[in-house]
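Notes follow once the structure below has been shown.
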Amino acid sequence: MDVRVAVLASGTGSNLQALLDDPTVGPAIALVVSDRPKAVALERARAREVNAVALTPAGYESREAFDRGLLDVLEEAGIDVVMLAGYMLILGPVVVRAFPDRMLNIHPSLLPAFPGAHPVRDALAWGARVTGVTVHLVDEEVDHGPIVLQEAVAIEPGDDEDSLYRRIQEIEHRIYPRAARLLGEGRLKVEGRRVHVLGEEGR
Ligand code: GRF
């Protein structure tokens with residue numbers, strides 16, 4: 001895969017790990033950025049000798065200045081593709097516009113159902129029978145851009161947030177590397193809200 005990938009993560013970084021472990025995507029990851037200096041995600045990057053940078057809004061005079069600072073870091077590293085993997089900050093337009101159709105996010109629900117910070121809890125509380133995982137391109141609205149991949153997960157009667165999230169994460173770790181490969185290999189064609197996967201019938 002002939003692109004340089006940055007992964008932005010705030011937390012544990014299990015999705016980052018799945019990306020690092022993928023034989024195609026892993027070697028393309030040139031940079032990991034976190035807004036939390038103690039994020040486990042940064043340790044995972046360092047363990048693979050991937051450049052790991054902590055960048056917090058507190059170090060900047062405004063959110064706009066932070067966004068410009070983040071964009072500088074991405075551009076200096078020659079990044080082509082950005083993958084959000086549990087990145088809890090909302091990126092400003094200056095960053096999003098710099099990577100048109102080249103920035104992905106993963107979200108643990110079937111969007112547009114259950115956007116926001118607690119999608120697993122919200123799906124259970126709603127009494128939904130099915131939830132899942134969405135990988136989508138990032139646009140300027142949160143949890144909103146064109147859908148690249150989705151996979152459903154049945155909610156069982158005995159599920160709690162932990163048991164359901166475990167099954168959701170298994171899917172995340174399988175489909176996020178796949179989405180990265182499709183984007184990195186130039187196999188996604190975006191037409192409005194529709195994303196066609198080249199080489200797959202009927203998409
Ligand atoms: C994932 O569930 C992802 O869908 C959401 O944030 C979570 C990050 O988990 N956007 P991890 O840090 O990759 O384990």
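Here are the numbers for this structure:
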{"read-out": "Enumeration of residues in the range 38-71 that are more than 23 Å from V25 (Cα to Cα) and either within 16 Å of the ligand (Cβ to nearest atom) or open to solvent by 80 Å² or more (accessible area, probe 1.4 Å) (or both)", "value": "K38, A58, E61, R63, E64, R68"}
{"read-out": "Sole exception among (1) surrounded by fewer than 12 Cβ atoms within 10 Å (Cβ to Cβ); (2) under 13 Å from the mean Cα position of the chain (by Cα) for G127, by number", "value": "(2)"}
{"read-out": "Only listed residue being touching an Asp or Glu at 6+ places or on another chain (Cβ under 7 Å) and over 30 Å from R68 (Cα atoms), chosen from V133, V94", "value": "V133"}
{"read-out": "Only listed residue being free of Cβ contacts under 8 Å to residues at least 24 places away in the same chain and either over 22 Å from M1 (Cβ atoms) or away from the ligand (no atom under 14 Å from the Cβ) (or both), chosen from P93, P112, P119, P108", "value": "P119"}
{"read-out": "Strands (runs of 3 or more DSSP E) within the range 139-201 that include 2 or more residues over 17 Å from R102 (Cβ atoms) and either open to solvent by 20 Å² or more (accessible area, probe 1.4 Å) or free of Cβ contacts under 8 Å to residues at least 24 places away in the same chain (or both)", "value": "147-154"}
{"read-out": "Subset of the range 161-203 [within 16 Å of the ligand (Cβ to nearest atom) and charged (D, E, K, R)]", "value": "E161, D162, R166, R167, E170, E172, R174, R178"}
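The values are calculated or read from the model by the stated rules, or taken from the named source; none is laboratory data. Just so it is clear, the structure is predicted and the values come from calculations on it, not from any experiment. Don't worry about glycine lacking a Cβ; one is built from the backbone with ideal geometry, like all the others, and counts go over all protein chains shown. Just so you know, the surface numbers come from the protein's heavy atoms only, side chains and all, with ligands and any DNA or RNA stripped out. Shrake-Rupley method; radii C 1.70, N 1.55, O 1.52, S 1.80 Å.
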